[in-house]
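The values are calculated or read from the model by the stated rules, or taken from the named source; none is laboratory data. Please read these numbers as outputs of a predicted model, since none were measured by experiment. All Cβ positions, glycine included, derive from the backbone under ideal geometry; neighbour counts span all protein chains shown. Keep in mind that these areas ignore ligands, DNA and RNA; they rest on the heavy atoms of the full protein, side chains included. Shrake-Rupley method; radii C 1.70, N 1.55, O 1.52, S 1.80 Å.
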Amino acid sequence: MSPTQWDFPVELCCRPMAFVTLTGLDVTYNAIHRAIWDAFCANRRADRVPISFKVLPGDHEYPKCRTKRTSYEWYIPKGILKTGWMNKHLNLVPALVVVFYELDWDEAQWKEKQSECATRVEIVRQSLQGRNTKVAVVLIQKKTPLPPGEDLIASERAAALCNACDLSGKSLFVLPHTDHLVGYIIRLENAFYEHAQTYYYTEIRRIKSHKEFLNKTTHQLLFVRHQFKIAFFSELKQDTQNALKNYRTAYNLVHELRAHETNMLEIKTMAGFINYKICRLCFQHNTPLDAIAQFRKHIDLCKKKIGSAELSFEHAAWMSKQFQAFGDLFDEAIKLGLTAIQTQNPGFYYQQAAYYAQERKHLAALLCNHSPSVTYPSPDPLETPNGALDFYGQRAWRQGILSFDLSDPEKEKAGILALQLKERDVNHSEINISLLSSAVAQFKKYKCPRMKSHLMVQMGEEYYFAKDYTKALKLLDYVMCDYRSERWWTLLTSILTTALKCAYLMAQLKDYITYSLELLGRASTLKDDQKSRIEKNLINVLMNESPEAEPDCDASMVKAAQRLWADRVSLAGNNVFTIEVQDFITSVDLILGSETGRCVILNWRGGGGDAASAQEAVQASRSFKRRPKLPETEVHWDSITIQASTMIISRVPKLCVQLRHEPPALTNEIYCLMITIQSQEDTVIKDVKLTAGLKPGQDANLTQKTLVTLEGAEMCDDSSPALLTDIPVGNLQPGEKLDMPLYIRCGTVGTRVFLVYVSYLIDTSVEGKEIVCRCHRDETVTIETVYPFDVAVKFVSIKFEHLDRVYADKPFLLMTDILSASPWGLTILSSQLQLSSSVTPVDELESHVENVVLQTGESASECFCLQCPPIANPQNAVATGSYNISWKRSSAGENVPIVNTVVTLPHVMVESIPLHIKADLPSFGRVRESLPVKYHLQNKTGLVQDIEIAVEPSDAFMFSGLKQIRLQILPGTEQEMLYNFYPLMAGYQQLPSLNINLLRFPNYTSHMLKRFLPTHIFVKPQGRHVDEDSIEAA
């Protein structure tokens, strides 16, 4: 049994889709057939129906259908679910077979072609004998068919073909090979999908009809099997609610089965499959809490069903796979939009999977520890005649045997031995590392640093057991800093012990010395005898000798390590190592060892820089030889008082550093941080140096997106660094004040910590001696960077209706809205629309927001009238261009540069419509006065357009003109239609509407075309005629 047996089968994990086979297509040598196949399978969008297509020859042999059982009275099932059943219905047995045949209605040899088509259909039916698979015929035609009812020959021949092929009218389709092939294919797909759903509905009803023949005494397995099949067919039918309901029923039935050591694995296997389906559907229905509740229930029910004690490592492997699979489902749901939280994320499930993988490793080491004399049993009890099991979860040596009594104990013993020997060859560390790596990635994503560090330690230990000491040391070294800073001394000691073993086995001198020193320190929790052993080894290394092996190391690796250490001893070269210990005020070197052996320099390095360099320290050690030798009888240690520790501090600076600014900073603006330095010393301070900018140690992305300069706002460009170091300022007299503006540009939002560090030299007297002392003062400031404004962009029609796509050569409006998010006033100096080659302006592009001042929450809007020419591939969205905004703070001085923000405009789908229509009419009408309206219809295709037009009356108007007409428009020409509308009521009235039907393009509905026409007009009332005589009399 291979170690991958615990992986779920591919057919269980994939999304079940209706299986449809296409016959009669020569996709290799026929270009038309290839284009049809590509339209079915290439670049399928998410909104197309879920169907799995496959091209097969017309005489393909489908799996034979077994004779239908009429009674279950004497039938005893041999297992729950056959291993090939899901794959059979996903990839082998189609719900629908479609026969493609090239045949036009005006074919001269109609009878012969009709007979050949009927023969092909009959061959398909023979190969599907006994199955309920649907059969359909698609006629590939060169011409576009006329509207239904107009071609009498087509109607007659279609009826004759249906009779010859024994098909219903709903199973015969016509596919014209024209420019609109994809549109016809999508309509065909929808029809195929309906046929497939009918097939799966029939299969569900067939399985349900078996229930009345079953009894719960001998057919318990069949209840589970049938319920699973109903649920699976419901998934194929895309009825996920009913699928979930039936999977839940099947899951409950599985746990009602009588469990024994002989069938425990089969029960757990099927429970795991069904649980996976339930959790997947719960996530799909956006009910994650239901998925989590189901999984917890599943684990509670199964965690104690261990089975054979000699194969208990299998139970640990099965449990590990359950947690890993749920973690994968959880992670997949998050990628599709589900929101996880810190306390409930996939990392916990991967961690638990790793725990059971580790448990599997321990159990395998305990149970599979056979002596080398034990050989693999022959014949192989795990072999099967066809290379695979008949039923999921059964043992290869007793397939189909449901008895709880073991009929052949020797064969059972051989099978268990074979499984144990197979398990011994499994790379458990590799499995565990993979799971721990997945968990670490999740805890890093959800900001759980302690969980991440804990699992990284486990990964390091697994790499150690896998003998990959380089990776082990790298991981362990990474987490040591965290445990040191949080003072977890016991954990740190354990990690250091493993790291020391890795350093020994790789003969890494510097690492070995570093970890030895730390384990000898006060923080180490090792016992004295252990520390004594490490100390002796350290002295041996310093004396250029090989250390003794670390305890509990692999014997073969120790031998290899001893050879490496021997090479290290024999190699001549630099034996001086510098170890960085800790950051303090200045730099101090402590030298261990001697030149004749190895010399280790412990270096405490800080900010002062006054102490001797490492090389100088070595030279100082050599100068000790020049001292006169003491007599051999005199011990000079007796006269020395040992002071174990001391503290070195720098002189307190008398310098005032003040920082002034106006937070927050805005993205990409030149932000001014005013630095004021004032000397409070009594004498002149010399060699004043300034270090200013982003404080080191922050996120690398912040460093790349932060620029600082002292040379004026105009000089802050991409060549500027994030931190200016040791900028000379000169000397300062007592009380002298110096103002220095630091200009900062932050390219991204977020919180940044800026450092201002000032150092200087001063002459001072200590114990009567004149010395030059270096002092320093540092200040930090936290600056938040925020977006200055948000830009919203939308496409609307000229009637201000929202557009999800635009139409070629039809004007539309691009509306932009700049919403200020800054707490300070912003001045929008100008804006500019830069269009791509796919978009052209209708009017001249001018900025309407020049010199507009926006306060917090205020917005400025612009509107541009654009249009798009026709494009070659309407399936792809086209780039619109960019929107450039020039702005600055209203409070900023004239010397502060203008900030240019470029907003990339969204892509838009451009659709070509076959008919352009527009209306010419006055801006208003008057009651009972004629209102002339002229409609312009322009054919934008290369075909003659057949158009039906009907005018739908309105209660507010009478009209004269053609109420209903059918006309033809030649390619590229325009047709005008004149109507006289007669308003009857005043106010904003609805116009009579034009219903347009394009016979060649049925996809373009009248509703779509009418959006380009005005729907209402304002009608004024009639004016009153004033009597002139009455005016004169007045």
Could you check, for the range 938-947, whether at least one of its residues is more than 23 Å from Pro992 (Cβ to Cβ), surrounded by fewer than 12 Cβ atoms within 10 Å (Cβ to Cβ) and out of contact with any helix residue (DSSP H, G or I) (no Cβ under 8 Å at 6 or more places or on another chain)?
-> yes
Would you say Glu189 is among the acidic types (Asp, Glu), under 25 Å from Phe19 (Cβ atoms) and out of contact with any Phe, Trp or Tyr (no Cβ under 7 Å at 6 or more places or on another chain)?
-> yes
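Could you list all residues from the range 523-557 that are in a loop (DSSP other than H, G, I, E, B) and open to solvent by 70 Å² or more (accessible area, probe 1.4 Å)? Outline the logic, then answer.
Let us first name the residues in the range 523-557 that are in a loop (DSSP other than H, G, I, E, B), namely 523-527, 543-554.
Across the range 523-557, the qualifying residues are Thr525, Lys527, Met543, Glu545, Glu548, Asp552.
Residues checked against (1) farther than 30 Å from Ile913 by Cα; (2) open to solvent by less than 30 Å² (accessible area, probe 1.4 Å); (3) in the same structural domain as Thr703 (by TED's automatic domain parsing); (4) among the hydroxyl-bearing types (Ser, Thr, Tyr):
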{"residue": "Thr748", "(1), (2), (3), (4)": "yes, no, yes, yes"}
{"residue": "Asp763", "(1), (2), (3), (4)": "yes, no, no, no"}
{"residue": "Asp778", "(1), (2), (3), (4)": "yes, no, no, no"}
{"residue": "Glu784", "(1), (2), (3), (4)": "yes, no, no, no"}
{"residue": "Asp804", "(1), (2), (3), (4)": "no, no, no, no"}
{"residue": "Ala808", "(1), (2), (3), (4)": "no, yes, no, no"}
{"residue": "Pro811", "(1), (2), (3), (4)": "no, no, no, no"}
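So is Cys775 under 30 Å from Thr676 (Cα atoms), touching a residue at least 60 places away in the same chain (Cβ under 8 Å) and touching a Pro at 6+ places or on another chain (Cβ under 6 Å) or not?
On the way: under 30 Å from Thr676 (Cα atoms): yes; touching a residue at least 60 places away in the same chain (Cβ under 8 Å): yes; touching a Pro at 6+ places or on another chain (Cβ under 6 Å): yes.
Considered against the rule, which asks whether it is under 30 Å from Thr676 (Cα atoms), touching a residue at least 60 places away in the same chain (Cβ under 8 Å) and touching a Pro at 6+ places or on another chain (Cβ under 6 Å), Cys775 comes out as yes.
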Checklist (1) without any contact (Cβ under 8 Å) to a residue 40 or more places away in the chain; (2) more than 37 Å from the chain's Cα centre (by Cα); (3) surrounded by fewer than 20 Cβ atoms within 10 Å (Cβ to Cβ) applied to Leu367, failing item | (1)
Could you please let me know if Ile744 is of a type in the set (Val, Ile, Thr), farther than 30 Å from Ile871 by Cα and either assigned to a loop (DSSP other than H, G, I, E, B) or not assigned by TED's automatic domain parsing to the domain that holds Leu673 (or both)?
-> no
Among the residues of the range 374-394, count how many are surrounded by fewer than 18 Cβ atoms within 10 Å (Cβ to Cβ) and of a type in the set (Phe, Trp, Tyr).
-> 1
Check every one of the helices (runs of 4 or more DSSP H) wholly within the range 249-354 and list those with 2 or more residues that are surrounded by fewer than 21 Cβ atoms within 10 Å (Cβ to Cβ) and of a type in the set (Val, Ile, Thr).
-> 288-302
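Condition check: open to solvent by 20 Å² or more (accessible area, probe 1.4 Å), touching a Ser or Thr at 6+ places or on another chain (Cβ under 8 Å) and not assigned by TED's automatic domain parsing to the domain that holds Tyr349. Does Asp477 satisfy that? Write out each step before concluding.
On the way: open to solvent by 20 Å² or more (accessible area, probe 1.4 Å): yes; touching a Ser or Thr at 6+ places or on another chain (Cβ under 8 Å): no; not assigned by TED's automatic domain parsing to the domain that holds Tyr349: yes.
The answer is no for Asp477.
For Thr840, indicate whether it is among the hydroxyl-bearing types (Ser, Thr, Tyr), in contact with a strand residue (DSSP E or B) (Cβ under 8 Å, 6 or more places away or on another chain) and more than 26 Å from Gly747 (Cβ to Cβ). Reasoning before the result, please.
On the way: among the hydroxyl-bearing types (Ser, Thr, Tyr): yes; in contact with a strand residue (DSSP E or B) (Cβ under 8 Å, 6 or more places away or on another chain): yes; more than 26 Å from Gly747 (Cβ to Cβ): yes.
Judged against the criteria, Thr840 is a match.
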How many of the residues in the range 110-134 are in contact with a strand residue (DSSP E or B) (Cβ under 7 Å, 6 or more places away or on another chain) and either at pLDDT 95 or above or hydroxyl-bearing (Ser, Thr, Tyr) (or both)?
-> 1
Having 2 or more residues that are in contact with a strand residue (DSSP E or B) (Cβ under 9 Å, 6 or more places away or on another chain) and of a type in the set (A, V, I, L, M) is the bar; report the strands (runs of 3 or more DSSP E) wholly within the range 903-983 that clear it.
-> 909-911, 915-920, 931-939, 945-952, 964-969, 974-983
How many residues of the range 1-43 are part of a loop (DSSP other than H, G, I, E, B), open to solvent by less than 60 Å² (accessible area, probe 1.4 Å) and free of Cβ contacts under 8 Å to residues at least 24 places away in the same chain? The answer is 2
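Would you confirm whether any residue within the range 104-113 is under 40 Å from the mean Cα position of the chain (by Cα) and not in a loop (DSSP other than H, G, I, E, B)? Explain how you work it out, then say what you get.
Taking the range 104-113 as the starting set, the residues that turn out to be under 40 Å from the mean Cα position of the chain (by Cα) are none.
No; the residues of the range 104-113 include none that is under 40 Å from the mean Cα position of the chain (by Cα) and not in a loop (DSSP other than H, G, I, E, B).
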So Tyr75 clears everything in (1) of a type in the set (Phe, Trp, Tyr); (2) in a loop (DSSP other than H, G, I, E, B); (3) in contact with a Lys or Arg (Cβ under 9 Å, 6 or more places away or on another chain); (4) modelled with pLDDT of 90 or more except one condition, right? Which one?
-> (4)
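Got a number for residues in the range 918-953 being among the small types (Gly, Ala, Ser) and either within 14 Å of Gln975 (Cα to Cα) or modelled with pLDDT under 85 (or both)? First the steps, then the outcome.
We begin by selecting, within the range 918-953, every residue among the small types (Gly, Ala, Ser); these are 919, 923, 925, 930, 942, 950.
Pick out the ones that are also either within 14 Å of Gln975 (Cα to Cα) or modelled with pLDDT under 85 (or both) and you get 919, 942.
Residues meeting the conditions: 2.
Yes/no per residue for (1) more than 32 Å from the chain's Cα centre (by Cα); (2) closer than 25 Å to Ser52 by Cα; (3) hydrophobic (A, V, I, L, M, F, W, C):
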{"position": "Leu221", "(1), (2), (3)": "yes, no, yes"}
{"position": "Gln227", "(1), (2), (3)": "yes, yes, no"}
{"position": "Arg280", "(1), (2), (3)": "no, yes, no"}
{"position": "Leu289", "(1), (2), (3)": "no, no, yes"}
{"position": "Ile292", "(1), (2), (3)": "no, no, yes"}
{"position": "Leu311", "(1), (2), (3)": "yes, no, yes"}
Got a number for residues in the range 232-248 being farther than 14 Å from Cys282 by Cα and either in a helix (DSSP H, G or I) or at pLDDT below 90 (or both)?
-> 4
Any residue in the range 423-434 that is farther than 30 Å from Cys481 by Cα, more than 34 Å from the chain's Cα centre (by Cα) and open to solvent by 50 Å² or more (accessible area, probe 1.4 Å)?
-> yes
With the condition kept exactly as written, say whether any residue in the range 675-698 is at pLDDT below 90, surrounded by fewer than 17 Cβ atoms within 10 Å (Cβ to Cβ) and over 21 Å from Arg774 (Cβ atoms).
-> yes
Considering only the range 91-104, how many residues are open to solvent by 10 Å² or more (accessible area, probe 1.4 Å) and farther than 18 Å from Gly24 by Cβ?
-> 2
Residue in the range 711-728 that is in the same structural domain as Arg660 (by TED's automatic domain parsing), surrounded by 12 or more Cβ atoms within 10 Å (Cβ to Cβ), in contact with an Asp or Glu (Cβ under 9 Å, 6 or more places away or on another chain) and among the aliphatic types (A, V, I, L, M) present | no
The one condition in (1) of a type outside the set (Lys, Arg); (2) touching a Leu at 6+ places or on another chain (Cβ under 8 Å); (3) surrounded by fewer than 16 Cβ atoms within 10 Å (Cβ to Cβ) that Gly169 fails to fulfil | (2)
